[in-house]
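Novice: One structure is given below, represented as structure tokens, and several questions about it will come after.
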Amino acid sequence: MDTPHSTPSSAPPQQWTPVDASELTGRERELLDRAVHIGRRGWGRVHPNPLVGCVLEKDGRVIGEGWHREFGGAHAEVDALVSAAGGPKGATAYVSLEPCNHFGKTPPCTHALREAGVSRVVFGAPDPGELSGGGARALESAGILVTGPVHSLYEARAENPTLFPRVNDRPWVELKLALSLDGGIAEAPERRTALSGAEALAEVHRFRAGFDAILVGARTARIDDPLLTARGEVLPRVPPRRVVVDGRGSLPPESRMLDEGDGEVHVLTTLASTDEWREEIAAHGAMVDVIEGTEGRVDLGVALRGLRMEGVSRLLCEGGGVLASALLDAGLVDRLHLLLAPRFLGPELVPAFPGIHPRPGDGWRPTREPTQLGADLWISLDRAD
Ligand SMILES: NC(=O)c1ccc[n+]([C@@H]2O[C@H](COP(=O)([O-])OP(=O)(O)OC[C@H]3O[C@@H](n4cnc5c(N)ncnc54)[C@H](OP(=O)(O)O)[C@@H]3O)[C@@H](O)[C@H]2O)c1
């Protein structure tokens, strides 16, 4: 992998002690927040590398900003340094991630900051990479004042979860559902229901671009016949794979995703499906994987471990409710995205979370502030453990 920041080799969970909040003024915290914010512009373009932003301030003025724009391209610090009005000598750099300290495709950012004459670095999250980490120490040795890490593990994970995963043997899993006020995801079984408005749908397409794979259950694939492609304002660097969990083999061979759209199609099934069906689906170019399962239900833990081994580090499940509940019940969801629509669906609705068995201590906390998208509200929550 071309890495500004290499994959952590240590086993999660990682812990560190952030600097005392009193070490930062409100203005300093604001500039670091700004660095995080502009780092998000790399969404869909830098993955599997992290989102990183950098703000340069000198004499109370912001003189430059930058972010990691493209996988393999300049790092945020270098992008900011070249933009610095009046030159960066004596500036403070606010960086969302500890500057890297190794030669990857580009030279270490610690060297670039030192050579530019930056006098102080404030950074958000530590770089856990075995090769790329250690930037703070290197900067201090070069006589640069360093403040950080400022962010907690939880804050760091909100931006770059695959750098700080909860577990290593499966992808980081996010689950998104559009939800009515009465907790439904469709008006009635077998009825395709448009719940979200145009702004929310545009955001969903933009959002997909940051994932390695988009996953749905067999019934969603059958009823909605989705393409599962990222058709938003961000063109994904690599189109996400499209994955269907279909233990009994019910996906129609004429499904649109098999013949249309970018992104490999993977159909995960069990021996409960027939040889003929598997051959027919494979003849449409899909990868058909027979994995363990019980009564036609794919073993989701095995499925996710297999996807991880095939290079999927961040996966978005888009429903439906039966699959969502099975993933939640198995403790396999790291982040929830609920797209709340301001309407009721009534007595025939398809529930978002049928048959969930919450365990004592199961808890969720906001990943960030909810976002209003037209009439819909996007709420993101991280597993609290
Ligand atoms: N509002 C939203 O965000 C949203 C999103 C997606 C879908 N939907 C709607 O939701 C409805 C479909 O959702 P749904 O809850 O009925 O079904 P679903 O979650 O899409 O699919 C569940 C099916 O997946 C298959 N499966 C295989 N292994 C499984 C496992 N380990 N765990 C769970 N499922 C497994 C089973 O198919 P078999 O039973 O065939 O074996 C199971 O019935 C549709 O109406 C769709 O329009 C809404």
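Readers should treat all values here as calculations from the given coordinates under stated rules, not as data from a laboratory. Just so it is clear, the model here is predicted, and its values are computed rather than measured. No Cβ is skipped: glycine too gets one built from the backbone with ideal geometry, and neighbour counts run over all protein chains shown.
Novice: Using the C-alpha atoms of the stretch 304-379, what convex hull volume per residue, in cubic angstrom, is computed? Don't skip to the answer; put the middle values down first.
Specialist: Working: hull volume 9.9 nm³, N = 76.
In the stretch 304-379, the Cα hull volume divided by residue count equals 131 Å³.
Novice: Remind me, relative contact order of the stretch 1-160 in percent, using alpha carbon pairs under 8 angstrom and six or more residues apart?
Specialist: Details: 368 pairs, mean separation 39.3, N = 160.
Relative contact order here is 25 percent.
Novice: Just want the answer: with Cβ charges of +1 for Lys and Arg and -1 for Asp and Glu, which residue in Val333, Pro48, Val244 is farthest toward the dipole's positive end in the chain?
Specialist: Comparing the listed Cα positions along the dipole, Pro48 ranks first.
Novice: When you count, for each residue, the other Cβ atoms within 10 Å and take the mean per peptide, how do 120-127, 131-138 rank with the highest first? Provide the component values of the computation, followed by the final result.
Specialist: Working: 120-127: 25.1, 131-138: 20.5.
Highest-to-lowest ranking by the protection proxy: 120-127, 131-138.
Novice: Output the Kirkwood hydrodynamic radius of the stretch 87-131, Cα pairs only, in Å rounded to one decimal.
Specialist: Evaluated over the stretch 87-131, this radius sits at 11.0 Å.
Novice: What ranking do Met287, Met257, Met309 get, fewest neighbouring Cβ atoms within 10 angstrom at the top? Numbers along the way, then the final one.
Specialist: Details: Met287 14, Met257 22, Met309 10.
In order of increasing Cβ crowding within 10 Å: Met309, Met287, Met257.
Novice: Just report the Cα centroid separation between the stretch 67-90 and the stretch 95-142, whole Å.
Specialist: Rounded to whole Å, the Cα centres lie 13 Å apart.
Novice: Given springs between every Cα pair under 10 Å in a Gaussian network model of the chain, which of Pro358, Pro240, Pro161 has the largest fluctuation?
Specialist: The residue that fluctuates most here is Pro358.
Novice: Using the crude model of +1 on Lys and Arg Cβ and -1 on Asp and Glu Cβ, and no other charge, please compute the dipole size for the stretch 222-282 relative to its Cα centre, in debye to 20.
Specialist: Details: 8 positive and 13 negative charges, 65 e Å.
With only Lys, Arg, Asp and Glu charged at Cβ, the dipole is about 320 debye.
Novice: Report, in debye and to the nearest 20, how large the dipole of the stretch 1-139 comes out about its Cα centre when Lys and Arg carry +1 and Asp and Glu carry -1 on their Cβ. Write down the numbers at each step before the final one.
Specialist: Numbers: 14 positive and 16 negative charges, 52 e Å.
Dipole size: approximately 240 debye.
Novice: Shape call for the stretch 263-320 from the C-alpha gyration tensor, a ≥ b ≥ c root eigenvalues: rounded (a/c under 1.5), prolate (a/b greater than b/c) or oblate?
Specialist: Taking the square roots of the gyration eigenvalues as a ≥ b ≥ c, the stretch 263-320 is oblate.
Novice: If you average the C-alpha positions of the stretch 276-326 and of the stretch 183-256 separately, how far apart do those two centres end up, in angstrom?
Specialist: 14
Novice: Still on this structure, I have one more. Running a GNM on the chain with Cα contacts under 10 Å, which residue among Phe164, Phe353, Phe103 ends up with the highest mean-square fluctuation?
Specialist: Phe103
Novice: In whole percent, what relative contact order does the chain give with Cα contacts below 8 Å and a gap of six or more residues? Could you put the intermediate results ahead of the total?
Specialist: Working: 904 pairs, mean separation 60.1, N = 385.
Computed over the chain, the figure is 16 percent.
Novice: Can I ask one more? Report, in debye and to the nearest 20, how large the dipole of the chain comes out about its Cα centre when Lys and Arg carry +1 and Asp and Glu carry -1 on their Cβ. Mind showing how you got there, number by number?
Specialist: Numbers: 41 positive and 54 negative charges, 170 e Å.
For the chain, the charge dipole is close to 820 debye.
Novice: If you bin the C-alpha pair distances of the stretch 190-246 every 10 Å from 0, what whole percents do you get?
Specialist: Over the stretch 190-246, the share of Cα pairs per 10 Å bin runs 23, 49, 27, 1 percent.
Novice: Towards the positive end of the charge dipole of the chain, with charges on Cβ (+1 Lys, Arg; -1 Asp, Glu), say which of Met257, Ala303, Gln372 has the farthest Cα.
Specialist: In the chain, that residue is Gln372.
Novice: What are the equivalent ellipsoid semi-axes of the chain, built from the alpha-carbon gyration tensor (square roots of five times its eigenvalues), in whole angstrom, biggest first?
Specialist: Details: eigenvalues 336, 95, 71 Å².
The equivalent ellipsoid of the chain has semi-axes of 41, 22, 19 Å.
Novice: So what are the three principal axis dimensions of the stretch 55-206 from its Cα atoms, in whole Å, longest to shortest?
Specialist: 65, 37, 27
Novice: Stick to Cα atoms and the Kirkwood definition of Rh, then tell me Rg/Rh for the stretch 139-240. Don't jump to the answer; show the numbers that get you there.
Specialist: Values: Rg = 19.1 Å, Rh = 17.0 Å.
My calculation puts Rg/Rh at 1.12.
Novice: Output the relative contact order of the stretch 155-218, whole-number percent, from Cα pairs under 8 angstrom with separation of 6+ residues.
Specialist: Details: 23 pairs, mean separation 9.1, N = 64.
Relative contact order of the stretch 155-218: 14 percent.
Novice: Continuing with the same structure: How far, in nm, would the chain grow between Asp182 and Arg383 when pulled straight, counting 0.36 nm per residue and subtracting the alpha carbon separation?
Specialist: In short, 70.1 nm is gained.
Novice: Something else about it: Please report the projected area of the stretch 234-385's Cα convex hull averaged over all directions, in nm². Intermediate values should be presented prior to the final figure.
Specialist: Values: hull surface 45.9 nm².
Taking a quarter of the hull surface, the average projection is 11.5 nm².
Novice: According to a simple spin-label model (label point 7 Å from Cα along Cα-to-Cβ), what is the distance in nm between Arg305 and Glu140?
Specialist: Result: 4.0 nm between the two label points.
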